[in-house]
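> This is the structure I have questions about; it appears just below.
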Amino acid sequence: MKTSEPTGPRLYGRRKGRPLRRGMQALLTDMLPDLRFDTTRPLVAQFGQTNSQHADLVLEIGFGGGEHLACLAEANPSVNFIGAEPFVNGVASLLRHIQTRQLSNIRIWDDDVRLILPALPVASLSQTFIMFPDPWPKKRHAARRILQPEMMEVLAKLIRPRGQLVLASDDPTAKGWLLQTAIWHPQFCWTARRPADWRQRPAHLPATRYMAKAEQASRKTSWFIFERCR
């Protein structure tokens, strides 16, 4: 179910890329209506019967091609996942992962994530991921970067105490922005205790093809894990 446009600047770029092949277009037509997150329905009613109302809930904002989200969902079948991504080609890619891996614990929001955040219960999220967001490197585009002080305020309400906000980027501008914005919020504590904690991918998080490409191009990824500490 769609809602009205959010207030504030647009936080994403293109909605569509190259024309989808017939099979990928069919996934959007046949699968997406049943897997689209519905802001009017209770969370417990939107996931499979195997996932109880006490299951952890994880949100990934901007899941790209969906590989990271699909890997997490496959490795954690008792956890419910919501993925938000307005890029149509990325949504189709995630649907392919869901079909191939036979996943039942993912729901998709194919629009601006700000439209569904008010529908999520307070302290309902065990983790939120913002992985390799659009850096918007030009200063005049800074307001379009996904992690803003206003977003941190919302996430502070939605992430439960001891829950995590996981940030990652291989872009120098985005790294500084993500770390600075998150570290200034009084309700989040950076968990890093040594350089390796933010220079190395956490062992429990999956490696993806995008990460491999970044390494091949000598782009160093930083991982910033914050805990809701207050």
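> Check the chain and count each lysine pair with an alpha-carbon distance under 18 angstrom, considering only pairs eight or more places apart or from different chains. Please list the in-between numbers first.
Numbers: Lys2/Lys16; Lys138/Lys175; Lys139/Lys175; Lys175/Lys213; Lys175/Lys220.
Qualifying lysine pairs in the chain: 5.
> Does anything in region 168-191 have its amide N under 17 Å from the 7 Å Cα→Cβ label point of Asn76, and if so which residues?
Taking a point 7 Å out along Cα→Cβ of Asn76, the residues of region 168-191 whose backbone N falls under 17 Å are 168, 191.
> Would you mind getting me the FRET efficiency between Gln216 and Asp38? Use the beta-carbon distance for r and R0 = 41 Å, nearest 0.05.
Working: r = 40 Å, r/R0 = 0.97.
Approximately 0.55, to the nearest 0.05.
> I would also like to ask the following. In percent, what relative contact order does the chain have, based on Cα pairs under 8 Å that are 6 or more apart in sequence? Could the numbers behind the result be given before it?
Numbers: 392 pairs, mean separation 44.2, N = 230.
Contact order relative to length: 19 percent.
> Once the cut-off is 19 Å, how many percent of the Cα-Cα pairs in region 141-202 end up in the long-distance tail? Walk me through the numbers before you get to the answer.
Values: 604 of 1891 pairs.
Tail of the P(r) past 19 Å holds 32 percent of the pairs.
> For the chain, rounded, prolate or oblate, judged on the Cα gyration tensor with a ≥ b ≥ c (square roots of eigenvalues), a/c < 1.5 rounded, else prolate if a/b > b/c? Spell out each step's value before the answer.
Details: a/c = 1.36, a/b = 1.21, b/c = 1.13.
Here the chain falls in the rounded category.
> Hey, what does the equivalent ellipsoid look like for region 79-147, semi-axes from the Cα gyration tensor as sqrt of 5 times each eigenvalue, largest first, whole Å?
Values: eigenvalues 116, 61, 21 Å².
That gives 24, 17, 10 Å for the three semi-axes.
> Now for a different question. Just want to confirm a number: the relative contact order over region 108-230, from Cα pairs under 8 angstrom separated by 6+ residues, in percent.
Taking the mean separation of contacting Cα pairs over the length of region 108-230, I get 30 percent.
> Could you list Thr128, Thr208, Thr39 so that the one with the fewest beta carbons within 10 Å of its beta carbon is first and the one with the most is last?
Values: Thr128 23, Thr208 20, Thr39 14.
Taking fewest neighbouring Cβ atoms as first place, the list is Thr39, Thr208, Thr128.
> By how many nm would the segment from Gln46 to Thr100 grow when fully extended, if each residue of separation counts as 0.36 nm and the alpha-carbon distance is taken off? Kindly include the intermediate steps, with their values, before the conclusion.
Values: separation 54, 0.36 × 54 = 19.44 nm, distance 2.06 nm.
Computed gain between Gln46 and Thr100 is 17.4 nm.
> Can you tell me how much longer the chain between Arg162 and Glu150 gets when fully stretched, taken as 0.36 nm per residue apart minus their C-alpha distance, in nm with one decimal? It would help to have the intermediate numbers written out before the result.
On the way: separation 12, 0.36 × 12 = 4.32 nm, distance 2.05 nm.
Full extension from Arg162 to Glu150 adds 2.3 nm.
> For region 113-225, count the residues as N, evaluate 2.2 N^0.38 Å, and divide the Cα radius of gyration by that value, please.
Values: Rg = 14.3 Å, N = 113, 2.2 N^0.38 = 13.3 Å.
Against the empirical 2.2 N^0.38 Å value, I get 1.08 for region 113-225.
> Would you work out the relative contact order for region 169-230, in percent, from Cα pairs under 8 angstrom that are 6 or more residues apart?
Working: 62 pairs, mean separation 31.8, N = 62.
Rounded, it is 51 percent for region 169-230.
> Given R₀ = 35 Å, what would the calculated FRET efficiency be for Ala207 paired with Arg21, taking r from the Cβ atoms and rounding to 0.05? Show your work: numbers first, answer last.
On the way: r = 26 Å, r/R0 = 0.75.
Efficiency for this residue pair is about 0.85.
Values in this text are rule-based calculations from the coordinates and carry no lab data. Here the structure is a predicted model, which means the values were calculated and not measured. Virtual Cβ from ideal backbone geometry, glycine too; neighbours counted across all protein chains shown.
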